[in-house]
Amino acid sequence: MEMQQIRYFLAVCDKGSFTRAAQATYVAQPSLTQAIKKLEDELGGELFSRDRSGCRLTALGRLVEPSIREIVRKTQAVKAEAVRFSRLNTVPLRIGVMTTIAAHHLSPFFTDFQQERPHVELELVVDSECNLLNQLDEEGLDLVISAPTSLLAEHYQSLELYEERYVVVFNDKHRFNQMQQIDLATIQAEPYLDRLNCELRETLRSVCQGRQVNLYAAYRSNSEEWILSMVRAGIGVALMPEFTITKNADQIRVRYLSDPEIRRTICAIFPPTSAAKPEVAEVLKSLRMGF
């Protein structure tokens, strides 16, 4: 199977006819037809059935199309990596970071890591855990830093980095500022700011139901910055991971949630194939030492 045959096959898929595919790939139609025929001989059957309106994929064609497109995607990724390496003389390392993990808590680590290893080019992708794990499966990421709430799939490995407790976040003029301990029952009397990206959202809901606590969500947002802005404005209170709040944050005060105490564990998640890469092994070693 040659890349030229693959390119012609996908052109026919996308254009719906050999004539239009030949025009799109700037090749004579007989040459394109011959290349497709060789591909069919190699795969053991016809890939297209022709009619007056053009052509359509056969059952065999529909079967192999996703895999052929994946070959093209991976080939393009390899080429892009090679170009970046040759131009920048660096090794690209793609790390996914879950949306709710505080940037200011991880940034010093990445700064030190890159200063010690200038040959490694870091690319940080911030997204939900689900999207990041999908990219990890598709080899679009080398590792993911996240807070898994359930058992990870068998094809993942993980390294625990640190734990953080959840805190009650409120305006510096709020009545909570006079309290040393705050529990769920106390919070339910206040307008609650619901963090839609919170990975423990369902766990918290279950705890509330078990304790017959009703947190009235006055506002909801998938942005941590918006939640903090609304806290500063005195609109309500929120529950957030402790490292989300910078020390001496302007107009914001926090207390650990006392009853129940809620924690999350931040982990580096990666497949064994990623761990075999020297650069990934280096960052995992640094993470072990850094946290």
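The values are calculated or read from the model by the stated rules, or taken from the named source; none is laboratory data. Note that this is a predicted model, so its numbers are computed, not measured. As a convention, Cβ positions derive from the backbone with ideal geometry for all residues, glycine included, and neighbour counts pool all protein chains shown. For the accessible areas, the whole protein counts, side chains as well, though only heavy atoms, and no ligand, DNA or RNA atoms are used. Shrake-Rupley method; radii C 1.70, N 1.55, O 1.52, S 1.80 Å.
One table, with the values for the structure above:
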| read-out | value |
| --- | --- |
| Share, in percent, of DSSP beta bridges within the chain that are antiparallel, nearest 5 | 55 percent |
| Euclidean distance of C-alpha centroids, the stretch 21-78 and the stretch 146-180, integer Å | 50 Å |
| Calculated P(r) of the stretch 6-51 - Cα pairs past 11 Å, % | 62 percent |
| Helix runs (DSSP H) in the chain reaching 20 Å along axis by Cα, Kyte-Doolittle at least -0.5 | 59-88 |
| Sites Met3 and His104 - FRET efficiency at Förster radius 45 Å, r taken between beta-carbons, to 0.05 | 0.50 |
| Per DSSP, loop trypsin sites (Lys or Arg not before Pro) in the stretch 110-198 with at most 15 further Cβ within 10 Å | Lys173 |
| Where Thr186, Thr100 fall by accessible area, highest first, once all protein chains stay in place (1.4 Å) | Thr186, Thr100 |
| Calculated P(r) of the stretch 108-266 - Cα pairs past 27 Å, % | 33 percent |
| Theoretical gain in end-to-end length, Asp51 to Thr273 [0.36 nm per residue, Cα-Cα removed] | 75.4 nm |
| Net lengthening on full extension, Ser150/Glu65 (0.36 nm per residue, minus Cα-Cα) | 27.2 nm |
| Relative contact order %, the stretch 173-282, counting alpha carbon pairs below 8 Å whose residues are six or more apart | 33 percent |
| Förster radius 35 Å - calculated FRET efficiency between Ala185 and Asn134 (Cβ-Cβ, nearest 0.05) | 0.35 |
| Alpha-carbon Debye profile of the stretch 5-138, log10 I(q)/I(0) at 0.18 Å⁻¹ | -0.98 |
| Cα principal axis extents for the chain, largest first, Å | 83, 48, 34 |
| Mean shadow area of the stretch 206-271, taken as a quarter of the surface of its Cα convex hull (nm²) | 6.4 nm² |
